[in-house]
Amino acid sequence: MKRTVIILLCVLVPFLGTTVFAQAIIIDHTCAQLEPMPASAILQAKQALHIAYAHTSHGSQIITGMTALIGQTNLKGYKGDIYRWNEGGGGGALDIDDRFIPGDLGHNGDVSWADPTRAYLVSHPDVNVVMYSWCGGCSDNTPQGIQAYLDQMNELEQEYPNITFVYMTGHRDIWSDATLKASNQQIRDYCVVNNKVLYDFADIESYNPDGVYYEFANDNCDYYSGPGTGLLGNWAEEWQNTHTEGVDWYDCSPAHTKALNGNLKAYAAWWLWCRLAGWEGHAGIDAYNQDIIKLYPNPATDKISLEIPINLLNSYLYVYNQLGQVVWQQQITSEISVIDVKRLKPGVYLLKTDAGIQKLMVQ
């Protein structure tokens, strides 16, 4: 079943070299898109961040996707040739020390990655973001092992208060579905409660770009009728086959998975970098199309009705407050949807669907 905690896309104060955030920053499937990231946020990330990233094959999906994104010209939402990265940040690129230490987060409470990180940071005082990935370690773990990971990450944060340590969930695994989901949920819950930064690797590869959720799936984007049984198809290939390469998606060769998944991982990574550099997660109301969906009444005091184009059926809508927090989300199941706004405080909100973002006013 879907996770029961509603994750917030939360406000982030401008990057000040500190890991103390007002609320958790969760990078999930709703962030796996080039829009509405403005070019200014990307440029700010390249100027502000010095990233150290440790991973093995599954974690390389992010790097593969980011590398292939460079030089794309016709992708929807593409802001020009500003997505470059390299080790050292030369030529105006984003600075990422890829595989700064060997290995990944390991298995069953292994925290052997911590001491090499400490040694590395002694000789790299400019680093202000550290991220590690899993490679199967959430599929065979225990609650105690996951807690050891969380405790060690928190310990590093205390030792290095000027560095942001990015938490991560483990990749999808249909053969260890229940254990994986429990491990990932433990990580998510901890990050939300303790105001951490999370790159939700599993969530990003649980949805196609239209917002369709796949309850039982693996890292290759195959989806099933149940845990380890009843193969139904491959959601990434299906989406690629019905969309235009070079416009809706781009070719790349990420480990263990399909090109589209590498695309989504790259988009979400850039969303993460932009958030850490101070972007609040939206582009400003004036930039939004106000005519995509008919909203009435607007302003509203009780309920608001939405007339939604048929092509958005089965996708999701999200309502954000002005802090960038998700205060309402639901699947679109009919061409007329109703939102009860009595639970919302008076103010201006942003309604986000796959068609774009619109302004919603509550009185």
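Observations, loosely collected:
- Within region 162-211, tally of residues that are more than 30 Å from P309 (Cα to Cα) and of a type in the set (D, E, K, R): 7
- Counting only helices (runs of 4 or more DSSP H) that sit wholly inside region 172-253, those with at least 3 residues that are among the β-branched types (V, I, T) are 177-193.
- Residue within region 101-111 that is surrounded by fewer than 22 Cβ atoms within 10 Å (Cβ to Cβ), touching a Leu at 6+ places or on another chain (Cβ under 9 Å) and modelled with pLDDT of 95 or more present: yes
- Looking across region 326-360, just one residue is over 13 Å from N314 (Cα atoms), exposed (fewer than 12 other Cβ atoms within 10 Å of the Cβ) and among the hydrophobic types (A, V, I, L, M, F, W, C), and that is V338.
The values are calculated or read from the model by the stated rules, or taken from the named source; none is laboratory data. Given the structure is predicted, the values throughout are model-derived calculations rather than measurements. Note that we place each Cβ from the backbone using ideal geometry, even for glycine, and neighbour counts take in every protein chain shown.
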